[in-house]
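Below: one structure, written as structure tokens.
Every number here is computed from the coordinates shown, using simple stated rules; none is lab data. If you're wondering where the values come from, they're calculated on a predicted model, not measured in any experiment. Note that we place each Cβ from the backbone using ideal geometry, even for glycine, and neighbour counts take in every protein chain shown.
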């Protein structure tokens, strides 16, 4: 059997990659993809612990996370389209309306 | 499945998963990043099957790799900014510092996971993680969150239309 630590380390690695992407990347769409990656790493942790303790609660939570991710992607991409339409850019550094 | 075979299957899925996840951050073209993310979702579905989460693995391919990534690709197609977006931008100090901070967070978490010590997985029932078992749980213990999710999806649909449409 693969111990649960391996799955948790894999999830931590995925979360770290997503975090680095959110911090480093400038393209709004790629930042969104990295957020999806972080949500998936959280799902992997839930499922690993569900398998470890033989409880199906983690599967239910993972189901809800997938539903929330779908809603978040729809609204987030709509916001990206609205920002691109009004400001003509996808760069997160150029959207500074609240800064002044 | 024997221990050794399970370990081999784990690494068969885990190594390409890490590589394609890194590809999302490394890729300069958003389309390449999206395709890399699709590959990562497929490998992650394999890991889910290894964890006996068959329903979630199925939903991962159907919802994530199918629906959400198609949405991403459509938006990338709509918002083409030309070649200037592909230029290598100079990294700011804050970005580099943030990346190192993220690496530090991961290092701390990895040490904490290592300190857990190897914990063996118990045997689970044969219907663990199937549609029948998870569905029964969703419709009994998690009925209220399940119904709230349907409301959330409705709000998301209406919100997306209102935000993205030019004139209602």
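Considering only B:14, B:99, B:133, give the residue with the highest GNM mean-square fluctuation for chain B, with springs between Cα atoms whenever their separation is below 10 Å.
B:99
As an exercise, use a Förster radius of 25 Å and the Cβ-Cβ distance of residue A:1 and residue B:67 to find the FRET efficiency, rounded to the nearest 0.05. Provide the component values of the computation, followed by the final result.
On the way: r = 33 Å, r/R0 = 1.33.
My answer for the efficiency is 0.15.
Rank B:102, B:57, B:22 by mean-square fluctuation in a GNM of chain B with C-alpha springs under 10 angstrom and give only the top-ranked residue.
Result: B:102 has the largest fluctuation of those listed.
Going by average Cβ neighbours within 10 Å, how do the peptides B:107-119, A:80-92 rank, with the highest at the top?
Values: B:107-119: 12.0, A:80-92: 15.7.
Result, highest mean first: A:80-92, B:107-119.
Using the 10 angstrom Cβ neighbour count as an exposure proxy, how do B:150, B:20 rank, fewest first? Numbers along the way, then the final one.
Details: B:150 10, B:20 19.
Ordered by Cβ neighbours within 10 Å, fewest first: B:150, B:20.
In units of 2.2 N^0.38 Å, what is the alpha-carbon radius of gyration of chain A? Working shown, then result.
Details: Rg = 16.8 Å, N = 100, 2.2 N^0.38 = 12.7 Å.
Dividing the Cα Rg of chain A by 2.2 N^0.38 Å gives 1.33.
What is the Å³ per residue value for the convex hull set by the Cα atoms of the protein assembly as shown?
Values: hull volume 37.2 nm³, N = 268.
In the protein assembly as shown, the Cα hull volume divided by residue count equals 139 Å³.
What FRET efficiency, computed as 1/(1 + (r/R0)^6) with R0 = 25 Å and r the Cβ-Cβ distance, is obtained for residue A:92 and residue B:18, rounded to the nearest 0.05?
Working: r = 25 Å, r/R0 = 1.02.
With a Förster radius of 25 Å, E is 0.50.
Using a 7 Å offset from the Cα along the Cα-to-Cβ direction at both residue A:79 and residue B:97, what is the distance between the two label points in nm, to one decimal?
If labels sit at residue A:79 and residue B:97, their model points lie 2.5 nm apart.
What is the average number of partner chain Cβ atoms found within 10 Å of a Cβ in A:84-97?
Across A:84-97, the average partner-chain Cβ count within 10 Å equals 2.
Using mean Cβ contacts within 10 Å as the protection proxy, how do B:154-163, A:4-13 order, highest first? Kindly include the intermediate steps, with their values, before the conclusion.
Numbers: B:154-163: 14.3, A:4-13: 20.9.
Those peptides, ordered most packed to least, come out A:4-13, B:154-163.
At a 10 Å Cβ-Cβ cut-off, how would you order B:90, A:52, fewest neighbours first? Could you put the intermediate results ahead of the total?
Numbers: B:90 6, A:52 20.
Ordered by Cβ neighbours within 10 Å, fewest first: B:90, A:52.
Among A:44, B:143, A:97, which comes first, second and so on when ranked by fewest other beta-carbon atoms within 10 Å? Intermediate results must be reported in sequence, preceding the final value.
Working: A:44 25, B:143 11, A:97 8.
Ordered from fewest to most neighbouring Cβ atoms within 10 Å, A:44, B:143, A:97 come out as A:97, B:143, A:44.
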